[in-house]
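All of the numbers you see were taken from the coordinates with simple rules; none came from a lab. Everything numeric here is computed off the predicted structure, so don't read it as measured data. Here the Cβ positions follow ideal geometry from the backbone for every residue, glycine too, while neighbour counts run over all protein chains shown.
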Amino acid sequence: MRFIDLLLKKRNGDKLDPKEIEFLVREYVAGKIPDYQMSAFLMAIYFNSLDHEETAWLTESMAASGDTLDLSRIDGFKVDKHSSGGVGDTVSLILVPLVATTGLKIGKLSGRGLGHTGGTIDKLESIPGFQVDLSNEDFLSAIEKEGLSIMEHTEELVPADQKLYELRDLTGTVESLPLIISSIMSKKIACGPDGVVLDIKTGKGAFIKDLDRAVELARGCVDIGEEVGLNVSALITDMNQPLGRAVGNALEVEQAIKVLKGEAKGDLRKVTINLTAELLLQSPKAASLEEGLEIAEEKLSSGEALGKFRTMVENQGGNPEIIDDTNLLPRSEGKVEIGAPSSDYVTELDALEIGKAANILGAGRSKKGEEIDPAVGIELNKKLGEEVQNGEPIAWLHYNDRRQLEEAKHVVKDAFMFSESPLEKPSLIKKRLR
Ligand code: URA
């Protein structure tokens, strides 16, 4: 078999067979297909797509491209969660401990932020001492003993996704639906849980801006899960504006702690509760979605989830005192306020622009491996639909380097739009799929 023939086939819009897909994944991971040829192949997929069968074969070949996790020694119902990527999306830091309090077991492999979206691993690393590079043994034993752990994706697990994702990012092919489906689902399959919930974002700050395409993405993931015997449900959630009120690593940890303490209500909390309820419904713990919602609400309000978060931080070497005193998290040297230009309602708060502004301040990276600043970011005082008075703060920028501040300020100001009358807020949870 020659890769060039497969490339020509896809360029011409023909269907590949499972052996051909298995060949190209294996050879690429082994370094036998150069990036320039794979780049052309990804672009051919971007324009000619893959049908459902081809996407499923690609997913399975990718899932089998490296090590897999064996969760069989862990008792109980094991679950996982994945987000398609957002801004101010700190759900995992709240959901993982919350899920563990319900008796479900959750081991989550997470990634770093790339592009304008944040990453759970960068956020956790802003907690002094917190270890994200655990051995498989330490990861499994934490799930066994405490019911939860979050660690960084290892290079051995689904290496095909790691190599392809990086190349997609550099070749403008991230947004292809079959490539996103295979990327997400190969990682979930290789981790071997019993149930998975997906948070598929749609709107200005999401990779998939359009609701119909987000539904198509979710449907593809749920169907592939079913075909391999994995229980998958998905929520399509709004990413027109940032989910929480903080964007930036230590700021988002602080925000998660506020939700766990019951000090912050709002969209971030609501999405977390709903995703948790989906997992409970998949398991024997809840007979209906309402029951799942009630359990999640109770475990969060009672402070039990905060206790589990503390256990996870301690267990992974982090300083648990940050929970009682969030000033022990990395703090920026400077903080500037942006005031409202008029007395009006917020009618737009562009998540993509806020994500970009946080990156300009140093919270994210524009290419893999770049250093980030855990302390910087943006705190939003006003969100969509809220009323503002002229001069009242709409956001605060936390910065360490003045050179980026002016540009970030402009981007944040331009991300907001105001009007005399409130616009209808986009619905937060747009669809559920199972
Ligand atoms: N998240 C993933 O894991 N993969 C993608 O391709 C996009 C979002």
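Output ³J(HN,Hα) for segment 228-242: one whole-Hz value per residue in order, computed from phi by the Karplus curve 6.51 cos²θ - 1.76 cosθ + 1.60 with θ = phi - 60°, and x for Gly and Pro.
9, x, 10, 6, 10, 10, 9, 10, 9, 10, 6, 10, 6, 10, x
Determine, at each q value in 0.09, 0.10 (inverse angstroms), the log₁₀ of I(q)/I(0) that the Debye formula gives when each Cα of segment 280-434 is one equal point scatterer.
Result of the Debye calculation: -0.46, -0.57.
Please go through segment 24-105 and write out the trypsin sites (Lys or Arg not before Pro) that DSSP classes as loop and that have at most 13 other C-beta atoms within 10 Å.
The qualifying sites are Lys32, Arg73.
Starting from the amide H of Leu134, placed 1.01 Å from N in the peptide plane, find each other amide H under 5 Å away whose residue is 5 or more places distant or on another chain.
Sorted by chain and number, the residues that satisfy this are Glu152.
Could you tell me which of Ser92, Ile200, Gln131 has its Cα farthest along the dipole of the chain towards the positive end, charges placed at Cβ (Lys, Arg +1; Asp, Glu -1), taken about the Cα centre?
Of the candidates, Ile200 comes out farthest on the positive side.
Show the residues, 5+ positions off or on another chain, whose built amide H is closer than 5 Å to the amide H of Ile394.
Excluding prolines and chain starts, which carry no amide H, the hits are Ile338, Gly339, Ala340.
Hey, how many Å between the Cα centroid of segment 32-62 and the Cα centroid of segment 256-316?
Measuring centre to centre over Cα atoms gives 37 Å.
May I ask you to list the GluC sites (Glu not before Pro) in segment 333-434 that are in a DSSP loop and have at most 13 other Cβ atoms within 10 Å of their Cβ?
Passing sites in segment 333-434 are Glu333, Glu370, Glu371, Glu420, Glu424.
Can you work out ³J(HN,Hα) from phi for every residue in segment 6-15, in order, using Karplus 6.51 cos²θ - 1.76 cosθ + 1.60 and θ = phi - 60°, giving whole Hz and x for Gly and Pro?
Taking θ as phi minus 60°, the curve returns 5, 4, 5, 4, 5, 4, 8, x, 8, 8 Hz for segment 6-15.
Let me spell out the model: positive unit charges on the Cβ of Lys and Arg, negative unit charges on the Cβ of Asp and Glu, origin at the Cα centre of the chain. What dipole size does that give, in debye rounded to 20?
360 debye
If N is the number of residues in the chain, what value comes out of its Cα radius of gyration divided by 2.2 N^0.38 Å?
0.97
So for segment 330-419, what percent of the C-alpha to C-alpha distances run longer than 17 Å?
Across segment 330-419, Cα pairs with separations above 17 Å total 46 percent.
If you look at just the Cα atoms of segment 1-114, how large are its Rg and its Dmax in Å?
For segment 1-114, the Cα radius of gyration and maximum Cα-Cα distance read 18.4, 52 Å.
What are the ³J(HN,Hα) couplings of segment 285-302, residue after residue, when phi is run through the Karplus curve with 6.51, -1.76, 1.60 and θ = phi - 60°? Round to Hz, x for glycine and proline.
Values per residue, Gly and Pro as x: 6, 9, 8, 9, 4, 4, 5, x, 5, 4, 4, 4, 4, 5, 5, 7, 5, 6 Hz.
Using only Cα positions of segment 245-356, each an equal point scatterer, no hydration layer, compute I(q)/I(0) via Debye at q = 0.18 Å⁻¹ and quote the log10 values to two decimals.
-1.06
What Kirkwood hydrodynamic radius do you get for segment 3-48 when you take the inverse of the mean 1/r over all pairs of distinct Cα atoms, in Å? Display every interim value, and only then the final one.
Values: mean 1/r = 0.0950 Å⁻¹.
In segment 3-48 this quantity evaluates to 10.5 Å.
What's the local net charge at Leu280, with K and R +1, D and E -1, over the other residues with C-beta under 12 Å away?
After counting each charged neighbour, the total is -4.
Helix 402-415 versus the longest principal axis of the chain: what is the Cα-based angle in degrees, 0 to 90, to the nearest 10?
Relative to the chain, helix 402-415 is tipped by roughly 90 degrees.
What are the GluC sites (Glu not before Pro) within segment 73-159 that DSSP puts in a loop, where the Cβ has at most 13 other Cβ atoms within 10 Å?
Passing both the DSSP loop test and the Cβ count: Glu155, Glu156.
Tilt of helix 136-146 relative to the longest C-alpha principal axis of the chain, in degrees (0 to 90, nearest 10)?
Tilt relative to the chain: about 50 degrees.
Taking amide H positions as placed in the peptide plane 1.01 Å from N, state which residues far from Lys108 in sequence (5 or more) or on other chains have amide H under 5 Å from it.
Ser149, Ile150, Met151
Report Rg(Cα)/(2.2 N^0.38 Å) for segment 204-246, keeping two decimals.
Computed over Cα atoms of segment 204-246, the ratio equals 1.37.
Given 37 °C and 0.692 mPa s, how large is the Stokes-Einstein diffusion coefficient of segment 44-91 in µm²/s, with Rh as the Kirkwood radius over Cα pairs? Please report the intermediate quantities before stating the final value.
Details: Rh = 14.5 Å.
Estimated diffusion coefficient is 226 µm²/s.
On a 0 to 90 degree scale, rounded to 10, what angle separates helix 249-261 from the longest Cα axis of the chain?
70 degrees
Give the Kirkwood hydrodynamic radius (Å, one decimal) of segment 78-322, defined as one over the mean of 1/r across all pairs of different Cα atoms.
Computed over segment 78-322, the radius equals 17.8 Å.
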